[in-house]
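Asks: Pasting a structure here, questions to come.
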Ligand SMILES: Cc1cc2nc3c(=O)[nH]c(=O)nc-3n(C[C@H](O)[C@H](O)[C@H](O)COP(=O)(O)OP(=O)(O)OC[C@H]3O[C@@H](n4cnc5c(N)ncnc54)[C@H](O)[C@@H]3O)c2cc1C
């Protein structure tokens with residue numbers, strides 16, 4: 001099976017992919033400017049791009065200026081990259097993190113392009129404009145615990161890493177369990193502590209003393225995640241990852257991937273392929289520009305980080321529709337997630353150090369700021385349009401809130417959101433690593449509601465695979481696409 005093109009091999013391939021590099025230099029020919037002039041021109045373009053990226057976001061975020069619904073980005077032919085070393089499909093948290101890490105490590109050694117259809121907006125179709133950003137290590141799989149531990153470290157150092165503070169608030173997570181889940185929770189806590197995540201089991205008696213405002217009549221045990229658990233500003237995380245990736249030289253292109261072009265490579269033999277001379281490599285991305293024009297980007301390697309659209313894009317690469325290894329689809333679909341802000345002025349209101357509480361059915365709530373506001377939410381098991389957020393609140397959220405927080409009056413919902421997130425139907429876990437058939441495709445998707453907190457570690461892992469041809473920091477081999485081929489699911493038991 002062909003996998004993981006080594007970096008040197010990659011550069012060798014790229015020599016042939018970037019015709020601009022072998023143009024003759026000439027000072028007075030406008031088609032082939034002197035290299036120094038060309039460098040200044042490119043730098044000028046980069047600065048303009050950074051400026052056009054920041055202006056609308058900072059205006060919106062910090063000056064509360066009315067948002068321009070569709071700010072346009074000026075893109076000239078110098079900005080559009082017809083060739084690149086690494087093409088990243090999707091500029092959400094995961095794709096932007098992969099770009100950030102690749103460029104942080106390789107700088108000028110790699111030309112990295114991100115295509116993002118909603119650029120430069122912080123995506124409004126997922127939660128990135130919401131103040132959720134929950135981060136916890138209350139998992140069973142060591143991979144998820146370690147990735148989240150790294151996430152906490154990254155968030156704490158975000159000012160140094162990204163130049164933007166993601167305002168990590170380490171107030172902890174408290175997961176409640178019934179008798180049925182008590183043993184699993186204990187086992188998970190043991191693994192978490194062995195790996196350096198501090199979690200503490202709390203009996204009902206201790207829960208009563210620590211959190212007197214909680215009703216715990218139906219609770220058998222609680223697990224409190226301490227200083228590495230909390231929440232952060234997810235839009236600041238995305239803003240920071242994108243802007244730093246751009247500062248390092250990543251090209252973000254506002255466009256939508258609509259197809260791939262393939263190239264027959266008769267010398268490549270793929271294990272499991274029925275006939276020889278039939279390997280068609282992924283060669284070019286066909287993208288639709290904002291003005292409707294169709295353009296092509298030739299790439300050496302491609303990273304699929306398109307969130308809820310990942311399966312659809314995989315199909316364009318014949319994944320799930322071809323034969324042999326290509327028969328196996330990318331098992332990523334959409335799931336609904338509902339979030340609400342409510343106000344609670346009752347005397348019983350939990351104090352400022354209140355953790356995010358995860359209830360028996362997965363409903364969670366946490367404090368939001370200092371004015372008695374709370375955020376609560378619930379993930380649905382479906383993506384049915386008929387699941388109205390008002391109905392979900394009344395049936396799935398409100399009964400738990402009223403009881404758990406000992407509320408005597410229905411809380412006042414101030415704002416509500418209904419969004420989809422990418423859900424891996426195979427085993428509810430991220431898929432990270434090379435595709436088994438294509439030797440130049442890496443997958444980073446399917447994080448099933450954990451994509452924000454895991455993004456720093458996932459981006460770093462993808463950069464390691466591309467640059468070092470192996471995982472260097474956290475071994476994520478078990479989360480690769482291969483587990484789907486051999487039908488070895490990696491189930492997580494997070495109770496949320
Ligand atoms: C309400 C809600 C609350 C959540 N809370 C948390 C939380 O507390 N903690 C946490 O860790 N996670 C949370 N999540 C999950 C988290 O938002 C996702 O897991 C994460 O955003 C996934 O990141 P991503 O980069 O993989 O995908 P996305 O953020 O979906 O990014 C994919 C990008 O690809 C782009 N794209 C798609 N198709 C194309 C195409 N054809 N061409 C070009 N671009 C394309 C999209 O525009 C998008 O920007 C929550 C999700 C929701 C909905």
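Asks: When 437, 248 are ordered from fewest to most other Cβ atoms inside 10 Å of their Cβ, what list results? The partial results should precede the final answer.
Replies: Values: 437 27, 248 18.
The fewest-first ordering by Cβ neighbours comes to 248, 437.
Asks: For region 163-291, calculate the relative contact order in percent as a whole number, restricting contacts to Cα pairs under 8 Å that are 6 or more residues apart. Write down the numbers at each step before the final one.
Replies: Numbers: 174 pairs, mean separation 34.1, N = 129.
That works out to 26 percent.
Asks: Here is a follow-up. Rg/Rh for region 373-477 to two decimals, with Rh computed the Kirkwood way over all alpha-carbon pairs. Write out the running numbers ahead of the final one.
Replies: Values: Rg = 19.3 Å, Rh = 16.9 Å.
Looking at region 373-477, the ratio lands at 1.14.
Asks: Further, regarding this structure: Can you compute the modelled spin-label distance between residue 412 and residue 345, with each label point 7 Å from Cα toward Cβ, in nm?
Replies: 0.6
Asks: Which whole-number percent is the relative contact order of region 319-470 (Cα, under 8 Å, 6+ apart)? Don't skip to the end; give the middle numbers.
Replies: Values: 229 pairs, mean separation 38.2, N = 152.
Once normalised by length, the contact order is 25 percent.
Asks: Taking square-rooted eigenvalues a ≥ b ≥ c of the alpha carbon gyration tensor, is region 278-414 rounded, prolate or oblate, where a/c under 1.5 means rounded and, failing that, a/b exceeding b/c means prolate? The partial results should precede the final answer.
Replies: On the way: a/c = 3.28, a/b = 2.63, b/c = 1.25.
Prolate, because a/c is 1.5 or more and a/b exceeds b/c.
Asks: Taking the Cβ of each residue in 229, 83 as the centre, tally the other Cβ atoms inside 10 Å and list the residues starting with the fewest.
Replies: On the way: 229 26, 83 20.
With the fewest neighbours first, 229, 83 line up as 83, 229.
Laboratory data are not the source of any read-out in this text; all were calculated from the coordinates shown. Here the structure is a predicted model, which means the values were calculated and not measured. Methodologically, a virtual Cβ is constructed for each residue, glycine included, from the backbone with ideal geometry; neighbour enumeration extends over all protein chains shown.
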